[in-house]
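Contents: one structure, followed by commentary.
Each reported figure results from applying straightforward, stated rules to the coordinates on display, with no laboratory input. Computed from a predicted model, the values in this text were never measured in an experiment. Neighbour counts are summed over all protein chains in view; Cβ atoms, including those assigned to glycine, are modelled from backbone coordinates with ideal geometry.
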Amino acid sequence: MDQFFDDIWRGLKASPKYLQSKYFYDEAGDAIFMEIMECPEYYLTNCEREIFSNQSNELANTILNHFHEFDVAELGAGDATKTVYLLEALAKHKADFTYYPIDISANIITRLNKQLPGIITGIRVHGLNGEYFAMLEELKRMSAKNKLVLFLGSSIGNIPLAETAGFFSALKAHLMPGDLLLTGFDLKKDPKIILDAYNDKAGVTRRFNLNLLKRINNTLDADFDLSQFEHCPAYSDETGECKSYLQSLKNQIVRIGTAGRIDFKEGEQIYMEISQKYSVQQTDEIAEAAGFTVVRHFYDSKKWFLDALWQYR
Ligand SMILES: C[S@@+](CC[C@H](N)C(=O)[O-])C[C@H]1O[C@@H](n2cnc3c(N)ncnc32)[C@H](O)[C@@H]1O
């Protein structure tokens, strides 16, 4: 709660203003993100689902060539519907593993702990509720087995490109040489297709962004008027950056409980989230810079999305 206040206050007092996208995911945010994944414009989920539904046997074989007894840790597991294909394939191949979904949303972890044993007979599930690295550290204390880390849905795209190799280097501090990492990267494509994915006609992504203002109202006793902010995504094909903003529709003052006031000018934006798009070469360069070896690339049939399997060397 204090951390939430500190982060929100610092972001809204900054110039330009920003909010951290990890705070999108309260119970309402989780549900709206699931709606986003069903939007016709949001191609990312369908592409990655195709990879997992068609190639999970191949993926499982490739993983089992490296180790047979291991932990599967998933960073930001969400509803794990794509992951289930891989977990089923691993179970079919009689792999000896425990699945550790990690998520900042307590609601998600409670649901996965409850639902997954009913979907995959005999699976061992141990959900970890918290931030990626803190939970990997907890897992390291619980088990010394090799790790297969999953980081799907292009969540890596929420980290600016210049910080991405640094993120993967920091991840290594929680792993052992030989461990595997499977990351989803959304690839560059027709800019209109990308922009539409973050600006769906039904306005679900708009609702997802505004929900964070609602969360701030509810949690910090603030008085954002949601009708006075508009969702504005922007994509640059040159940099591959797709950024989302909430734009103030007028000069206005927002009070954050008793902490104080935030002034907005008409047209002023709050930077909400980046969703970076990559070339395949960029992903290989990131692996190299972070000290991973590329084991194999798995693509969907349109080559819009890449799940890259890397090994810590
Ligand atoms: C965009 S969703 C992706 C879900 C899933 N991986 C998929 O591919 O559908 C991101 C998930 O990561 C979680 N998350 C975001 N930031 C996080 C953080 N810093 N630590 C742990 N979980 C986080 C959110 O709660 C959410 O469930």
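Of all residues in the range 249-284, those satisfying the criterion of being more than 21 Å from the chain's Cα centre (by Cα), part of a strand (DSSP E or B) and among the aliphatic types (A, V, I, L, M) are 253, 254, 256, 262.
Given the structure, is residue 218 more than 14 Å from residue 268 (Cβ to Cβ), touching a helix residue (DSSP H, G or I) at 6+ places or on another chain (Cβ under 9 Å) and either buried (at least 16 other Cβ atoms within 10 Å of the Cβ) or free of Cβ contacts under 8 Å to residues at least 24 places away in the same chain (or both)? Can you show your working first?
Values: more than 14 Å from residue 268 (Cβ to Cβ): yes; touching a helix residue (DSSP H, G or I) at 6+ places or on another chain (Cβ under 9 Å): no; either buried (at least 16 other Cβ atoms within 10 Å of the Cβ) or free of Cβ contacts under 8 Å to residues at least 24 places away in the same chain (or both): yes.
So residue 218 fails the test.
Just to verify a result, which residue in the range 61-71, among those that are in contact (Cβ under 8 Å) with a residue 40 or more places away in the chain and surrounded by fewer than 23 Cβ atoms within 10 Å (Cβ to Cβ), is nearest to the ligand (Cβ to nearest atom)? It would help to see each step written out before you state the result.
In the first step, residues of the range 61-71 are kept if they are in contact (Cβ under 8 Å) with a residue 40 or more places away in the chain; the result is 62-63, 66-67, 69-71.
Within this subset, residues satisfying the condition of being surrounded by fewer than 23 Cβ atoms within 10 Å (Cβ to Cβ) are 62, 66-67, 69-71.
Numbers: 62: 20, 66: 22, 67: 23, 69: 25, 70: 19, 71: 17 Å.
Only one residue fits best here, namely 71.
Could you run through the range 164-196 and say how many residues are touching a Ser or Thr at 6+ places or on another chain (Cβ under 8 Å) and aliphatic (A, V, I, L, M)? Here the count works out to 1. Candidates are the residues of the range 74-97 that are farther than 13 Å from residue 122 by Cβ, among the hydrophobic types (A, V, I, L, M, F, W, C) and surrounded by 21 or more Cβ atoms within 10 Å (Cβ to Cβ); the one that is farthest from the ligand (Cβ to nearest atom) is 86.
Return yes or no: is residue 313 among the basic types (Lys, Arg) and without any contact (Cβ under 8 Å) to a residue 40 or more places away in the chain? Write out each step before concluding.
Numbers: among the basic types (Lys, Arg): yes; without any contact (Cβ under 8 Å) to a residue 40 or more places away in the chain: no.
So residue 313 does not fit the description; no.
The set of residues in the range 225-247 being among the hydroxyl-bearing types (Ser, Thr, Tyr) and surrounded by 20 or more Cβ atoms within 10 Å (Cβ to Cβ) consists of 235, 244, 245. Entry remark, the range 297-313: residues being assigned to a loop (DSSP other than H, G, I, E, B) and within 17 Å of residue 147 (Cβ to Cβ) number 1 in total. For the range 164-181, the condition of being among the charged types (D, E, K, R), closer than 23 Å to residue 29 by Cβ and not in a loop (DSSP other than H, G, I, E, B) holds for none of the residues.
Of all the criteria given as (1) touching a helix residue (DSSP H, G or I) at 6+ places or on another chain (Cβ under 8 Å); (2) touching a residue at least 40 places away in the same chain (Cβ under 8 Å), the one not satisfied by residue 178 is (1).
Quick check: is even one residue across the range 138-158 assigned to a strand (DSSP E or B), within 11 Å of the ligand (Cβ to nearest atom) and in contact with a strand residue (DSSP E or B) (Cβ under 6 Å, 6 or more places away or on another chain)? Yes; the residues of the range 138-158 include at least one that is assigned to a strand (DSSP E or B), within 11 Å of the ligand (Cβ to nearest atom) and in contact with a strand residue (DSSP E or B) (Cβ under 6 Å, 6 or more places away or on another chain).
If only residues of the range 1-30 that are within 11 Å of the ligand (Cβ to nearest atom) and farther than 17 Å from residue 274 by Cβ are counted, the one that is farthest from the chain's Cα centre (by Cα) is 27.
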